[in-house]
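Report on one structure; see the data block that follows.
Here, each number is a calculation from the coordinates, and none is a lab measurement. These numbers were taken from a predicted model, which means no experiment stands behind them. Here the Cβ positions follow ideal geometry from the backbone for every residue, glycine too, while neighbour counts run over all protein chains shown.
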Amino acid sequence: MAHLTARNPYGSLVERLNRGPHGEIPARNIHGILAALMEPEEAEMLSKVPVAPFNARTAGKLWKRSPQEAERILDGLAERGIILDIRLGADRRVFCFTPPVIGFFEFVLMKVHSDLDQKELSSLMESLFFRDDGFMENILLSMETRMGRVFVNESLLTASINLEVMDYERVSEVIRRATHRSVALCFCRHKAHHLGRACDAPMDNCISLDLLSRSLVGHGIAREISEKECMAIVERSQEANLVQIGENVQESMAYLCNCCSCCCEFLNGVRRFGSPITVVTSNFIAEPVEKQCNGCGKCARVCPVGSITVENGSCRVNAATCLGCGLCVKTCRRGGLNLRKRDRRVVTPVNIAHRVVLNALEAGKLPHLLVNCQAGPGHRAVAALLSAILGLGPVQRLLASEQVRSTYLKRLLRNVRLGQATRPEPKTSG
């Protein structure tokens, strides 16, 4: 099959995507989507770009084109949301070819494109997300470190637990700390709209932050907004009983979705697979207050993943699937449910570098992340070592994994930014 794949630019592109820090994508599943998004020549060029962020000069060398011509091509791809451009300074720009999910699948439907058949694209994506369990299992379920995490509604936090909530667990604080904020069409509801099954939830409430926001705004995919307008969008979404799901990092979160139970792939994944394995829950869980519950069922109807049932006149919460979003608590006017802290605290990666390294480790692809066409001998030595670790038996690999997940790694990566890394802080005497 290798000789056939080599002649198929979309097959080559899938091979390149599968070197990224995520699960394996069966080639047959996304050929139609890739063909709808780009020309064969573009697919062939993208199949050659590094896993790590790269600049136009690197792309030009790989494509045998001038840096200026490569930059023009990259800009055209960024206009369609297929790649991201990231400005690291006044005169420094790198490009990033994101995974399909969460990545260019969403970006291309966060904007109305006149040159794309978005109805056909929506149909292809719908089939992939909702009818092909293999794709969801390979991309979203194959790794322990999830891409997204659920936020609890801050208004529901009581005084006794409010002091224990970290800043990165508060939507308001995430938005306040962001350097850039923007809003675009919700990918999920835009897709559902083209298929004639969109719900009545607001569609213009997909929030991007910081570097992602700058890239999407720069190419007309998103609209820049103020902190005040951003919070107003969140509040309006909460009034519509939408769930806030953001990137699973503590620092510089890239996106904040306002998700409905009918259109969202994340929430539907929880329903289909019976546990919150597509997202990380909040650090809270809903708990019935027996004497206050009259069995009306409002909480069960509003739960976005079907975690609540009514039995013998009282509500019951399935702890295995509860997201800890608080929608049920907000809906119950009788005080029939409370939020309590989970017995074990949910661990959130420090930043995107930390999360991507963990994803790559779990998928066995850390060498691909560290080695690209510009890597020197030192990087290649590290990659060889990591390849050896990943080739160990299950027990030895688990030990290696625990070492890579150590506090030292978190400290090392705390100041890592896309395309740049700092040295670990030196130890001080005493």
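Under 5 Å between amide hydrogens, built in the peptide plane, is the criterion, and for ILE221 it picks out nothing among residues at least 5 positions away or on other chains. If R0 is 56 Å, the Cβ-Cβ spacing of ASN8 and LYS291 corresponds to a FRET efficiency of close to 0.30. Here the extension length gained between ALA232 and THR179 equals 17.3 nm, from 0.36 nm per residue of separation less the Cα-Cα distance. Footprinting exposure proxy ranking of SER155, SER12, fewest other C-beta atoms within 10 angstrom first, gives SER155, SER12.
Backbone geometry of the stretch 75-85 corresponds, through the Karplus equation with coefficients 6.51, -1.76 and 1.60 at θ = phi - 60°, to 3J(HN,Hα) couplings of 4, x, 5, 5, 4, 8, x, 7, 10, 10, 10 Hz, x marking Gly and Pro.
Residue separation of SER160 and ALA240 scaled by 0.36 nm, minus their Cα-Cα distance, works out to 26.1 nm of gained length. Summing +1 for each Lys or Arg and -1 for each Asp or Glu among the other residues whose beta-carbon sits under 12 angstrom from that of GLU173 gives -2. Just check the stretch 2-139 against the gyration tensor rule for me: Cα atoms, a ≥ b ≥ c as the square roots of the eigenvalues, rounded for a/c under 1.5, and otherwise prolate or oblate depending on whether a/b exceeds b/c. Because a/c hits 1.5 or more and a/b exceeds b/c, the stretch 2-139 counts as prolate. The phi torsions of the stretch 113-130, fed into the Karplus equation with coefficients 6.51, -1.76 and 1.60 and a -60° offset, translate into couplings of 10, 7, 9, 10, 7, 6, 5, 5, 4, 5, 5, 5, 5, 4, 4, 5, 7, 9 Hz, rounded to whole numbers, with Gly and Pro shown as x. Highest mean packing first, where packing is the average number of other Cβ atoms within 10 Å per residue, the peptides 166-177, 76-87 line up as 76-87, 166-177.
Going from the fewest other Cβ atoms within 10 Å to the most, the residues CYS263, CYS186 appear in the order CYS263, CYS186. Fewest-first ordering of GLU106, GLU126, GLU39, GLU227 by other beta carbons within 10 Å of each residue's beta carbon gives GLU39, GLU227, GLU126, GLU106. Residues whose amide H comes within less than 5 Å of that of ARG93, counting only those at least five positions distant or on another chain, are LEU88 (H built at 1.01 Å from N in the peptide plane). Evaluate Rg over Rh across the stretch 129-225, taking Cα atoms for both radii and Kirkwood's formula for Rh. With Rg and the Kirkwood Rh in hand, the quotient comes to 1.03. Length, then width, then depth: along the principal axes, the Cα atoms of the stretch 284-341 run 23, 18, 16 Å. If you look at the Cα atoms of the stretch 248-369, you get an Rg and a Dmax of 16.9, 56 Å.
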